[in-house]
Structures are given as C-alpha cells and as structure tokens.
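What follows is a short report on a single structure.
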Amino acid sequence: MKWKKLGHIFDPAPYGFFGEYSSFAQSPQALVFEDFVRIYFSTREPDGDMFKSHVRYVDMTRDFNIIDVSTDEIIPLGKRGTFDEHGIFPFHVTRTRDGLYGYTSGWSRRDSVAVETGIGLSVSRDEGETFERLGDGPVLSASIEEPFLVGDPFVVTREQYYMYYIYGTTWKEGPDGVQERTYKIALATSEDGQTFKRHGRIVSDTIADESQALPTVFEADGRYHMIFCFRDTFGFRTDPLRGYRLGYAHSENLLDWTRDDAALGFERSSDGWDADMECYPHVFEWGGRHYLLYNGNEFGRHGFGVAILEDV
C-alpha cells in the first residue's frame with residue numbers, strides 16, 4: 001500500500017476543553033456527511049491526580065479545514081458503579097440499517113490495576129450531535145476466555161455485524177513496579193448489532209508481549225484491510241522503539257486475517273508531532289478515496305493527522 005501524509009489537521013490546545021488537559025484529542029473516528037466529515041475524539045478532564053475521558057467532535061471540510069468544534073460532550077459518562085463511569089475512549093460511530101449507532105469503549109477505575117473496560121451501545125437521533133445509551137450496561141464485556149479489558153470496538157456492517165475489538169490477556173508488573181496490560185484483537189459477530197457471538201483472536205503477534213489496539217477495517221481493491229496499532233508491554237511510554245506503531249493484516253472474508261506489517265507502507269515521520277509514536281488509527285472512505293486518521297506522540301496529546309491512500 002502507498003499512503004501520503006496530508007499533515008497535522010487538529011490541535012486541541014486552543015480550545016481549552018479542560019485547561020492544560022485540553023491538549024488531548026485521542027482516537028479520532030469519522031462520520032461522513034455529503035459535504036463535511038465529523039470526527040469524534042476523546043478529551044481528558046482532570047479529576048484529582050487522575051482524569052476522566054469525554055467525547056467531543058470537530059467538523060471539517062473536504063480540505064480538512066475546521067468548520068466547528070463541539071463545546072459539550074456528546075454523551076454523558078455512566079452512572080456510579082457502571083462500566084463507563086470514568087470515561088469513554090474510544091467512541092466508534094457507524095451508520096447501520098437500524099440507524100446511527102455509537103459503540104462506546106467505556107472504562108472505570110480499579111484498585112489493584114488501573115482500569116477495567118467494556119463495550120456499550122448508544123444511538124443518535126440528531127445526526128450524530130448527541131447520543132443516548134440503550135442501557136447502563138455493556139453489550140460486550142469480560143468472559144471466561146476474555147477475562148478483562150474488552151474494548152476498542154470497530155463495526156463493519158455487511159450481511160451481519162462484524163465487531164473487531166480487543167481483550168486483555170495479562171496484567172504484569174514492570175521493572176518500575178507499575179502494573180502493565182497486554183491485549184489482543186478479536187472478532188465477534190451479530191445479527192442485530194446488539195447481541196454478539198465471539199470468535200476469538202484473529203491477529204498474530206510479531207514481537208514478544210505484544211499489545212494490539214484500535215483495529216479499523218476497510219475494503220479496497222477486492223480485499224479487506226485492517227490497520228491497528230501495537231506496542232511492547234513494557235517501556236512503551238519512554239522508548240519510541242517500544243511505543244505504538246501501526247500494523248496491518250488482510251482478509252478475503254472478514255473472518256480469517258493474514259498479518260503483513262511491511263505491506264502497509266506507512267512510516268513514522270523523521271521529526272515533529274508523529275516522529276516518536278503513531279497510534280489509534282481510523283480509516284474512512286469519502287468521495288471514493290480512503291483516508292487514515294491517527295494520533296502521534298504522547299498518545300494524542302497534540303491531536304491528530306490524516307493520510308490518503310494513493311495505491312493498493
């Protein structure tokens with residue numbers, strides 16, 4: 001594949017969502033309209049010495065000039081004790097035969113480890129300006145074989161719903177005494193977009209203790225393509241060589257995937273906002289072209305950029 005980077009298109013710092021934490025715009029996810037694209041992202045709100053994640057959006061023209069930025073969160077956080085009490089990150093919106101669905105990756109704090117996650121479902125009745133959850137619980141969460149950290153949903157609608165997501169396999173204590181998580185990409189399918197059947201892991205590892213996150217799937221040149229990000233379990237916060245980079249797999253049927261990172265044709269920049277990290281990818285089609293949104297250094301602290309697919 002051949003991608004052309006179009007640059008850094010959104011910096012959240014000038015908008016002052018939450019003071020110094022306004023500089024986060026994590027996991028950009030697109031909803032395409034006829035003459036503009038709405039890109040959802042997660043901000044960070046200070047909460048003592050911790051934070052909470054809230055979803056907002058920016059509307060952009062075909063040249064990725066900013067039209068509008070939402071001033072309020074588009075869906076409130078969950079009630080006390082629910083799976084999304086402390087944040088929603090990421091937030092995937094898709095047009096389905098039943099309307100505009102927003103699949104949430106909700107998270108809540110834990111004691112012995114940092115966080116637990118689950119996947120929820122919400123609907124919009126105002127073309128994506130706000131969303132209302134269908135219930136307080138998740139549509140997909142921990143199970144016997146997927147014991148924790150179920151999240152990062154991306155849904156493709158064909159003859160049925162294909163949900164690509166992640167689940168946790170281990171929590172391990174690192175050299176610095178911090179508990180670090182490892183997670184893998186899996187698949188679940190559904191007839192109605194609400195009740196899902198799990199099919200297990202679908203993407204192989206290329207490094208030891210590999211964590212895989214944020215799968216995004218699109219069709220081009222008669223084949224399905226998946227882009228995701230992956231990192232080492234330890235040292236990823238301080239060592240760029242262990243930090244997030246983009247991976248790739250392809251499929252003929254949306255079920256069986258062959259990994260081939262070298263075929264992606266997408267490299268880190270030599271300097272600047274995405275030189276140390278590329279993460280949280282999202283591909284969308286607009287006007288017959290495919291675009292790739294992604295975060296750069298520091299997990300989206302400086303916003304996101306976009307690239308265009310030139311050749312497969």
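Side notes on the structure shown:
Residue by residue, here is whether (1) of a type outside the set (Asp, Glu); (2) under 21 Å from the mean Cα position of the chain (by Cα); (3) over 24 Å from Leu293 (Cα atoms) holds:
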| residue | (1), (2), (3) |
| --- | --- |
| Phe196 | yes, yes, yes |
| Ile207 | yes, no, yes |
| Ser211 | yes, yes, no |
| Arg231 | yes, yes, no |
| Gly235 | yes, no, yes |
| Ser251 | yes, yes, no |
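- Residue in region 86-100 that is surrounded by 12 or more Cβ atoms within 10 Å (Cβ to Cβ), at pLDDT 95 or above, out of contact with any helix residue (DSSP H, G or I) (no Cβ under 8 Å at 6 or more places or on another chain) and part of a loop (DSSP other than H, G, I, E, B) present: yes
- Considering each residue of region 269-280 in turn, at least one proves to be touching a Ser or Thr at 6+ places or on another chain (Cβ under 6 Å) and assigned to a loop (DSSP other than H, G, I, E, B).
- Listing of strands (runs of 3 or more DSSP E) fully contained in region 1-75 that carry 3 or more residues being among the hydrophobic types (A, V, I, L, M, F, W, C) and under 25 Å from Cys229 (Cβ atoms): 2-10, 26-32, 37-47, 50-60
- Selection within region 143-176 - part of a loop (DSSP other than H, G, I, E, B) and in contact with a Leu (Cβ under 8 Å, 6 or more places away or on another chain): Arg158
- Check on Val150, crowded, with 20+ Cβ neighbours inside 10 Å, among the hydrophobic types (A, V, I, L, M, F, W, C) and in contact (Cβ under 8 Å) with a residue 40 or more places away in the chain: no
- Filter result (over 21 Å from Ser27 (Cα atoms), open to solvent by less than 50 Å² (accessible area, probe 1.4 Å) and in a strand (DSSP E or B)) within region 222-245: Tyr224
- Residues of region 188-210 satisfying the condition of being in contact with a Leu (Cβ under 7 Å, 6 or more places away or on another chain) and either farther than 24 Å from Tyr101 by Cβ or assigned to a strand (DSSP E or B) (or both): Ala188, Phe196, His199
- Cross-chain or 6+ apart pairs with Cβ under 6 Å, region 283-312 first and farther than 18 Å from Pro90 by Cα, then open to solvent by 70 Å² or more (accessible area, probe 1.4 Å) and in a loop (DSSP other than H, G, I, E, B): Val312/Asp221
- Residue within region 130-139 that is closer than 24 Å to Pro281 by Cβ, touching a residue at least 24 places away in the same chain (Cβ under 8 Å), of a type in the set (D, E, K, R) and surrounded by 14 or more Cβ atoms within 10 Å (Cβ to Cβ) present: no
- Flag if Glu310 is within 20 Å of Met1 (Cβ to Cβ), assigned to a strand (DSSP E or B) and of a type in the set (Asp, Glu): yes
- Qualifying residue in region 289-300 (condition: small (Gly, Ala, Ser), at positive phi and over 19 Å from the mean Cα position of the chain (by Cα)): no
- Number of the exception - Asp84 against (1) touching a Leu at 6+ places or on another chain (Cβ under 9 Å); (2) more than 24 Å from Leu134 (Cα to Cα): (2)
- Annotation: of all residues in region 114-127 being open to solvent by less than 30 Å² (accessible area, probe 1.4 Å) and either modelled with pLDDT under 95 or in contact with a Leu (Cβ under 6 Å, 6 or more places away or on another chain) (or both), the one that is nearest to Gly81 (Cα to Cα) is Thr117.
- Residue ID - farthest from Leu293 (Cα to Cα), chosen from residues in region 43-64 that are open to solvent by 90 Å² or more (accessible area, probe 1.4 Å) and without any contact (Cβ under 8 Å) to a residue 24 or more places away in the chain: Asp49
The values are calculated or read from the model by the stated rules, or taken from the named source; none is laboratory data. It should be emphasised that the depicted structure is a prediction, and the values quoted were computed from it without experimental measurement. No Cβ is skipped: glycine too gets one built from the backbone with ideal geometry, and neighbour counts run over all protein chains shown. Side chains included, ligands, DNA and RNA excluded: accessible areas come from the protein's heavy atoms. Shrake-Rupley method; radii C 1.70, N 1.55, O 1.52, S 1.80 Å.
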